[in-house]
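S.K.: Could you have a look at this structure, given as structure tokens, before my questions?
Since every read-out is calculated from the coordinates, none of them should be taken as a lab result. All values derive from a computational prediction rather than experimental measurement. Cβ placement follows ideal geometry from the backbone for every residue including glycine, while neighbour counts extend to all protein chains displayed.
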Amino acid sequence: MVLSGSPDGDPLIITNSQNLSYSEVACVVILTWDVIITLSDEVELIWKRRWTAAKVMYLIARYLPWLVQLALLAINVNGTTGLSFTSGQCAAWQIVQGTLLQAIVTTVDVILIIRVYALYHGSRMLLVGLGSLFSAEVASLCYILVKVTPRLTYNDECYVVSSPSIFQYYWVISLAFETLLFTLTVGKFLDGIRQGWGRAVMVQQFVADGTWAYALIFLTMLVNMMFYKYVHSELTGICYTWLLVVLSFAGSRLVLNPRARAAPPDVDLSDIELASMSIQRRRSVFTGEVISLTLEHAPQSPASEKTGYVSYREDSEVASTIV
């Protein structure tokens, strides 16, 4: 780990540090606003339910990025705090950031794995395969972080100004695994379209959530990789906090949205003809909650037609994640 020169007397370094700080402020504001506008749903769909692994994953994905951003903001507000750090302090802080980032990425990946597992109707073979690949991914990412951290270069304010080339593989591996999950989701959805159950509203909403989440995460990680590879200034890590925003935004909604659609607050579930539904209850090894729902020959009730939350096609299956 190497410290670069002091920013004193260099207007470009001061400007870059301030621009990075402005970006951090913007991230905190956006994420705080997002937390506020989803708070009512969170209270109803998260806090009022029993504690499960899904609830813990939601809290990690939602609030850990926010806390990290607040800590980053406190260190250097507007690039003018005058704080400076030793090489050991910078190394320790970078280890903390890397550990927290890995915890957040891992949590969001687990949420995505559960969704794929539900879409494939609880396939044990798929779970074993994805679990093995996921373990290999996490091990690889941790190994890369261990190798990269001592070789990062910082300025006196602990901003990363350059990174070793091996760091790009952290993003490549993450992108490859995200792409695999997205490919499995789209493949099963297309198969569902051919069989008929893929036309159900719940399935289409399920896949739509996975699609925009994948696109946001993929794009942000790709831009991060480009900055760490090609930018060698205080702006090298400017997209780090934006990745935290995206992971918090996507991870929390991948949990909230299915819950909101499964039990809309203004609809009495007794109005929906549950008696005519064949319900498969498979308990996820991650959440312990119902993750698969099968509909067979269930005609739509007036309530379902009005709300669109239950959609039916004869001899169809609707797989939804209720985490």
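S.K.: At 1.306 mPa s and 10 °C, plugging the Kirkwood radius over alpha-carbon pairs of region 2-263 into Stokes-Einstein gives what diffusion coefficient in µm²/s?
M.R.: Details: Rh = 19.7 Å.
Stokes-Einstein gives a translational diffusion coefficient of 81 µm²/s.
S.K.: Which value, in debye to the nearest 20, describes the size of the charge dipole of region 2-263 about its Cα centre when Lys and Arg Cβ atoms bear +1, Asp and Glu Cβ atoms bear -1, and nothing else is charged? It would help to have the intermediate numbers written out before the result.
M.R.: Values: 16 positive and 15 negative charges, 257 e Å.
For region 2-263, the charge dipole is close to 1240 debye.
S.K.: Tell me, Met226, Met125 in order of fewest to most beta-carbon neighbours within 10 Å? Before the final figure, lay out the partial values.
M.R.: Working: Met226 13, Met125 8.
Taking fewest neighbouring Cβ atoms as first place, the list is Met125, Met226.
S.K.: Next up: Would you please give the residues with an amide H less than 5 Å from that of Glu157, counting only those at least 5 places away or on a separate chain, with H modeled from the backbone geometry?
M.R.: So Glu157 has HN proximity to no qualifying residue.
S.K.: Students often check this: by mean Cβ neighbours within 10 Å, which of 38-48, 176-186, 235-245 ranks highest, and how do the rest follow?
M.R.: Values: 38-48: 14.2, 176-186: 17.4, 235-245: 21.9.
Ranked by mean Cβ neighbours within 10 Å, highest first: 235-245, 176-186, 38-48.
S.K.: How large is ³J(HN,Hα) for each residue in region 177-192, as worked out from phi by the Karplus curve 6.51 cos²θ - 1.76 cosθ + 1.60 (θ = phi - 60°), to whole Hz, x for Gly and Pro?
M.R.: 5, 4, 5, 4, 4, 5, 4, 4, 5, 5, x, 5, 5, 5, 5, x
S.K.: Write down the radius of gyration of region 91-194 and its Dmax, each obtained from C-alpha positions, in Å.
M.R.: 16.9, 59
S.K.: Please list 3J(HN,Hα) in residue order for region 217-232, calculated via the Karplus relation 6.51 cos²θ - 1.76 cosθ + 1.60 where θ = phi - 60°; whole Hz, with x for glycine and proline.
M.R.: Ordered by residue, 3J(HN,Hα) equals 5, 4, 4, 5, 5, 5, 5, 4, 4, 5, 5, 5, 7, 10, 9, 10 Hz.
S.K.: Round to the nearest 0.05 the FRET efficiency obtained for Ala74 and Leu190 when R0 = 56 Å and r is the Cβ-Cβ distance.
M.R.: Numbers: r = 48 Å, r/R0 = 0.85.
That pair, Ala74 with Leu190, gives E of 0.75.
S.K.: Determine, from the Cβ-Cβ distance of Ser140 and Tyr63 and an R0 of 25 Å, the FRET efficiency 1/(1 + (r/R0)^6), rounded to the nearest 0.05.
M.R.: Numbers: r = 27 Å, r/R0 = 1.07.
The computed FRET efficiency comes out at 0.40.
S.K.: Can you tell me the FRET efficiency between Trp47 and Trp93 if r is taken as the Cβ-Cβ distance and R0 is 35 Å, rounded to the nearest 0.05? Display every interim value, and only then the final one.
M.R.: Values: r = 32 Å, r/R0 = 0.91.
Efficiency, from the Cβ-Cβ distance: 0.65.
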